[in-house]
Each structure stands twice: as structure tokens, then as C-alpha cells.
Number of protein chains: 2
Amino acid sequence: MTQSNETTSYRDIKETVLARIRSGEWQPDSLLPNEQDLAVEFSCTRTTVNRAMRELADEGFLERRRKAGTRVLSAPQRQARFTIPKVRDEVEALGGIYRYALVSSVAERAPDWLCARLALKPDQHVMHVRCMHFNGNTPFQYEDRWIVIDSVPEVVNADFASIGPNEWLIQTVPFTNVELSFLASRADDSVAAFLDLPIGEPVFTGERITWLEGEPVTFAKMYFAAGYRMTTQF
Amino acid sequence: MTQSNETTSYRDIKETVLARIRSGEWQPDSLLPNEQDLAVEFSCTRTTVNRAMRELADEGFLERRRKAGTRVLSAPQRQARFTIPKVRDEVEALGGIYRYALVSSVAERAPDWLCARLALKPDQHVMHVRCMHFNGNTPFQYEDRWIVIDSVPEVVNADFASIGPNEWLIQTVPFTNVELSFLASRADDSVAAFLDLPIGEPVFTGERITWLEGEPVTFAKMYFAAGYRMTTQF
DNA sequence: CAGTGGTCTAGACCACGAG
DNA sequence: TCGTGGTCTAGACCACTGA
């Protein structure tokens, strides 16, 4: 009990509401009493009821609309929250020792497919950085990344031998918008070599595009070693 | 402006705080003024400041501790929220026409690997359901699922020819705990045939384990058709 | 111990949107 | 139009935890 004894907290209300939904007392799609009535029932203020119901709606159990009232969602829109850790943290969470290694870092004209992907002008230049992340001496992730020089001019002076491009970017342009995708790809000869896999092996792959105030900053492909799985509970 | 003119809303405060972090005015790891002081600065009550800061902490930008105060997280723990839609919704969101087809549905003794995975007793029985989800006539997802009969006895009477096992389960035991994983697997001959792929092709694969009040309910493997990617923005 | 965030109250005004 | 949720105020007590 977070609050002192015998008060009804918003947590209590959340529990009670969930229990009623689970028990079938409040059927999917059914309309719930309004906040004022619930406040009376729970002997608390409408503010407290409001917080409880608002959070339940955020969590995907309820749908609330002014005037229409609050309904139980028939198919709860449960959302999985995946925390996207930095590779270093991910390795260390596994109890491993993180090691980073730069493979190559070159400034080059942005390839056509990247221009299309990031809406770059045809003559824009990018820093192409390839690197490896190890768990001890085991390959953990191979990263292939392009950083738009016009958007982050300091990148030409970055020392990617000593710091990974992701960590460098987080320090340099911390607050960005991100589009993140996951897919299964096939190991080409390069990926296979870096991850110590047979060519053609399925590889769990992430793609991340990052913008800062609408300007494209970076495109990254992250190839995970065999057996990797991304897991969450909810 | 959600509130009437000239009041400071919790949204305004959130924006201002984020802007200060972005601009570097509030550096990572630095301590922010306490709520009371911010309330004075923003000419509003502490309640309003509290809501703004609480939400920013929920969203992974700040860390708050009683007595210690509120700090800017150096590596924002941005969390990707993936909405896990029902297959039907996912297909329809693509503008496609959803079609479901049952492949097989048999009650059987739980295989050993499943007993281990779900902590079943060796003699427990499961309903093994295999089915296909199509976008029009294109394979979209092949689903291989086991449902624990002791946990959901009604399953023996379910008509999986007319309703998918996931939709049936949502109707029957709506509120559950879930562990969800994604990985890249290799198409075996069966998966390859159902998804119309060459054998050995990489397949984006989901695994879902569901419990109800601690009792294991179901284990499902979901194999997605070629080219599938799971995407989110944040 | 004392400062900070966590939460509740009692009341108010308002925006939205269904009927 | 008018009921419902969205938000803010002003004030209070308390839980947690760092020093």
C-alpha cells in the first residue's frame, strides 16, 4: 500500500477494474459507469478515478471518449514494449564482456539506394562505418552504418576506432526520431564472415533510421549473431 | 492548445523540458530544479509540473527519485512500443483481404520439448493447431500452436475451422500474461511449403507463450512470409 | 533528519463529440 | 445541446531515501 491505510488509491482502482474485466463482470465493448459514479463507488475523488482509468486506457485495456464514455476494449490492444538497449549494455546484461572493433570508416558519396531511403540529394556525402560488437571473443553483432555528413558535420573528426558510432551519435545528437524495423535476412559473404556463419544462414536483422528535427542523420543495419532473439513480457 | 488560452499545461511543460534537454541547457546527468521551483517558474501548481515530469520519466527521458530529485538520463532509455495486432488487423491495415484456413487440429500428448518449455507434467495433453493466414491468396503467416487442455478445457469443443485459435483464445481467456520473442529461423520443408518459399530460406519468426494466472495456456510459433518486417517509430 | 517526489482531496472550467 | 472525460488549482499529508 503506497498511500497510508484505508484510502482508495488509483492503483487499487486499477486492480479492481482489471479484476472486473477478467471476471466478466464488465464485458468487452460494454460501457462503464462514468467517472463521477465510480468516484462515489470507490469513495474517492474523480481525480483519482481519472488517473486510474487514464492509465488503463494508456495500457490498452480501455477506450475513452468524451461524451461517449469509457468502454472495455474487446481485443485489448496490448502493446509490447521492447527496450532498445545499447549493444554494450545488452552484452553486459548477459554477463559477458563487451568488446568493440572498428572495421572501416570512409567518407563517400551516398549510394543511390541510400539517397532514396533517406531522401538525400544525389551529391550528398556520408560517412560509411562498419564495425563489430563482441561478447568476449564471440561475435555478437555486425553493424553497417551510414552517417549523413551534412547533418552531423563533426562526424568527419570522430574517432570510431575508440568509440562505436552509435555511442558517439548518442553523445553528439542525443534526441532524435527513430524508425526501427526488424526482419530476417540472409547472410551474404561479408556478414557470414563477420558473424562466423555459413553463407545464406538466416540472420536476425535490425534497421534503424534516425532523424534530427526532420533531417536524416543515419541509417544503420545491425546483423545479430546466430541464436539471437528479441524478447519481451507483458 | 488543449486548455484555454494562457494557462500553462503539462504538455507545454513537457515540450519546454525536452527543448531544454535538446538544447543542452539541461545536460545529461544534471539535476533539475525541484517540482516546487518549476511550478513557480511555469506559473502553475506543483500538480501540473508533477504530471509533466512523471510522464517524461515514463517515456524514458528522466529519472526521478525521492529526495534525490530529477535527473536527465544520459542515455535515454527510449523504449520502442510495438503494437501487437491480430493478424486479421495487420492484413487489413495493409489494404488486403484477410483469409484464414485451418490446416490441422488434433489433441495429443504434449511433446517433451513443450513440457519443458511450459513446465507441463509429462502426461498433460494439448490441442495442436496448425493454420494459415492469407492476404488475399498470398500466404501471410503460418501458425503452429499448442493449447494446454487442462488450462482451457473448452478448447476441445472449439471449431478452429471457422475461427483462428488466437481469436478464439482472446475471446475465451482474454487477460493473460505473455512472453513474446522474435528471431530469424530457417524454413523447414513444412514451413517452406506453406509460405511458398525455398527450403532453408530465412523466416521472420515470432514465439509467444501465454499464461493465465500462472497456468500455461498456449505456445505459438508464427512464421511470417518473405519480406515481412516489424516496424515502429519513436 | 529533512528534502524530494507520490498521491489524494474538493472544487472548478472547459473541449469534445454523440445524439 | 449537454454529458463525459481532460485538465488545472490550492492545499495537504505522506513515503522514501540521501546525507
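Can you spot a residue in the stretch A:160-173 that is open to solvent by 30 Å² or more (accessible area, probe 1.4 Å) and more than 14 Å from chain B (Cβ to nearest Cβ)?
Scanning the stretch A:160-173, I find at least one residue that is open to solvent by 30 Å² or more (accessible area, probe 1.4 Å) and more than 14 Å from chain B (Cβ to nearest Cβ), so the answer is yes.
What number of residues within the stretch B:183-208 are touching a helix residue (DSSP H, G or I) at 6+ places or on another chain (Cβ under 7 Å) and in contact (Cβ under 8 Å) with a residue 40 or more places away in the chain?
Residues meeting the conditions: 0.
Just a yes or no: is a residue in the stretch B:25-32 within 16 Å of DNA strand D (Cβ to nearest atom) and either assigned to a helix (DSSP H, G or I) or open to solvent by less than 40 Å² (accessible area, probe 1.4 Å) (or both)? Before the answer, list the steps.
Of the stretch B:25-32, the ones within 16 Å of DNA strand D (Cβ to nearest atom) are B:29-32.
Then drop every residue that is not either assigned to a helix (DSSP H, G or I) or open to solvent by less than 40 Å² (accessible area, probe 1.4 Å) (or both), which leaves B:30, B:32.
Yes, there is a match, as at least one residue in the stretch B:25-32 is within 16 Å of DNA strand D (Cβ to nearest atom) and either assigned to a helix (DSSP H, G or I) or open to solvent by less than 40 Å² (accessible area, probe 1.4 Å) (or both).
Picking from B:V91, B:V103, B:V49, B:V72, which residue would you name as being away from chain A (no Cβ under 13 Å), surrounded by 16 or more Cβ atoms within 10 Å (Cβ to Cβ) and more than 15 Å from DNA strand D (Cβ to nearest atom)?
On the way: B:V103 fails: surrounded by 16 or more Cβ atoms within 10 Å (Cβ to Cβ); B:V49 fails: more than 15 Å from DNA strand D (Cβ to nearest atom); B:V72 fails: away from chain A (no Cβ under 13 Å).
It is B:V91.
I'm told A:C131 meets every condition in (1) away from chain B (no Cβ under 14 Å); (2) more than 16 Å from A:G164 (Cα to Cα); (3) surrounded by 14 or more Cβ atoms within 10 Å (Cβ to Cβ) except one. Can you identify the failing condition by its number?
Condition not satisfied by A:C131: (2).
Could you run through the stretch A:7-22 and say how many residues are farther than 12 Å from A:V72 by Cβ, away from DNA strand D (no atom under 15 Å from the Cβ), within 13 Å of chain B (Cβ to nearest Cβ) and open to solvent by less than 80 Å² (accessible area, probe 1.4 Å)?
The initial filter retains those residues of the stretch A:7-22 that are farther than 12 Å from A:V72 by Cβ, namely A:7-16, A:19.
Now narrow it down to the ones that are away from DNA strand D (no atom under 15 Å from the Cβ): A:15-16, A:19.
When the remaining residues are screened for being within 13 Å of chain B (Cβ to nearest Cβ), the result is A:15, A:19.
Filter once more, so that each one left must be open to solvent by less than 80 Å² (accessible area, probe 1.4 Å): A:19.
Of the residues in the stretch A:7-22, 1 are farther than 12 Å from A:V72 by Cβ, away from DNA strand D (no atom under 15 Å from the Cβ), within 13 Å of chain B (Cβ to nearest Cβ) and open to solvent by less than 80 Å² (accessible area, probe 1.4 Å).
Count, please, the residues in the stretch A:191-234 that happen to be within 25 Å of B:F234 (Cα to Cα) and among the small types (G, A, S).
As a first pass, look at the stretch A:191-234 and keep what is within 25 Å of B:F234 (Cα to Cα): A:203-224, A:228-234.
Add one more test, that the residue is among the small types (G, A, S), and what stays is A:206, A:214, A:220.
Residues flagged as within 25 Å of B:F234 (Cα to Cα) and among the small types (G, A, S) within the stretch A:191-234 amount to 3.
Test of understanding: among A:R208, A:R229, which residue is touching a Ser or Thr at 6+ places or on another chain (Cβ under 6 Å), within 25 Å of B:T231 (Cα to Cα) and of a type in the set (K, R)? Break it down into steps so the answer makes sense when it comes.
On the way: A:R208 fails: touching a Ser or Thr at 6+ places or on another chain (Cβ under 6 Å).
The match here is A:R229.
Among what's in the stretch A:137-159 and is open to solvent by 50 Å² or more (accessible area, probe 1.4 Å) and closer than 27 Å to A:F82 by Cα, pick the residue that is nearest to the other protein chains (Cβ to nearest Cβ).
Initial filter on the stretch A:137-159 (open to solvent by 50 Å² or more (accessible area, probe 1.4 Å)): A:137-138, A:150, A:153-154, A:156-157, A:159.
Subset that is closer than 27 Å to A:F82 by Cα: A:137-138.
On the way: A:N137: 23, A:T138: 17 Å.
Per the criteria, the residue is A:T138.
Tell me, which residue of the stretch B:207-231 that is under 16 Å from B:L169 (Cα atoms) and basic (K, R) is surrounded by the fewest Cβ atoms within 10 Å (Cβ to Cβ)?
Ranking the candidates gives B:K221 first.
Tell me which residues, restricted to the stretch A:212-227, are free of Cβ contacts under 8 Å to residues at least 60 places away in the same chain and within 10 Å of chain B (Cβ to nearest Cβ).
Step one: filter the stretch A:212-227 for residues free of Cβ contacts under 8 Å to residues at least 60 places away in the same chain, giving A:213-214, A:226-227.
Hits for the stretch A:212-227 are A:E213, A:A226, A:G227.
Given (1) open to solvent by 40 Å² or more (accessible area, probe 1.4 Å); (2) more than 11 Å from every other protein chain (Cβ to nearest Cβ); (3) out of contact with any helix residue (DSSP H, G or I) (no Cβ under 7 Å at 6 or more places or on another chain); (4) without any contact (Cβ under 8 Å) to a residue 40 or more places away in the chain, where does A:N177 come up short, assuming only one miss?
All conditions pass for A:N177, except number (2).
Report the residue count in the stretch A:191-206 for those that are at the interface with another protein chain (Cβ under 9 Å from one of its Cβ atoms) and open to solvent by less than 10 Å² (accessible area, probe 1.4 Å).
Looking only at the stretch A:191-206, we keep the residues that are at the interface with another protein chain (Cβ under 9 Å from one of its Cβ atoms), and these are A:200-205.
Going one step further and asking which of them are open to solvent by less than 10 Å² (accessible area, probe 1.4 Å), we end up with A:203-205.
So the count comes out to 3.
Condition (residue is at pLDDT below 90 and either among the basic types (K, R) or closer than 28 Å to B:T172 by Cβ (or both)) applied to the stretch A:48-55: is it met by at least one residue?
We begin by selecting, within the stretch A:48-55, every residue at pLDDT below 90; these are none.
The answer is no, given that none of the residues of the stretch A:48-55 is at pLDDT below 90 and either among the basic types (K, R) or closer than 28 Å to B:T172 by Cβ (or both).
So B:T70 ticks every box in (1) at pLDDT 95 or above; (2) closer than 30 Å to B:D188 by Cβ but one. Which box is left unticked?
Single failed check for B:T70: (2).
If B:L62 passes every condition in (1) over 25 Å from A:I209 (Cβ atoms); (2) open to solvent by 30 Å² or more (accessible area, probe 1.4 Å) but one, which one does it miss?
Against the list (1) over 25 Å from A:I209 (Cβ atoms); (2) open to solvent by 30 Å² or more (accessible area, probe 1.4 Å), B:L62 comes up short only on (2).
Looking only at the stretch B:132-149, which residues are hydrophobic (A, V, I, L, M, F, W, C) and closer than 13 Å to B:T218 by Cβ?
B:W146, B:I147, B:V148, B:I149
The values are calculated or read from the model by the stated rules, or taken from the named source; none is laboratory data. All figures in this text were calculated on a predicted structure; none of them were measured in a lab. Ideal geometry is used to build each Cβ from the backbone, glycine not excepted, and the neighbour counts take in all protein chains shown. Only protein heavy atoms, including side chains, enter the accessible area calculation; ligands, DNA and RNA are left aside. Shrake-Rupley method; radii C 1.70, N 1.55, O 1.52, S 1.80 Å.
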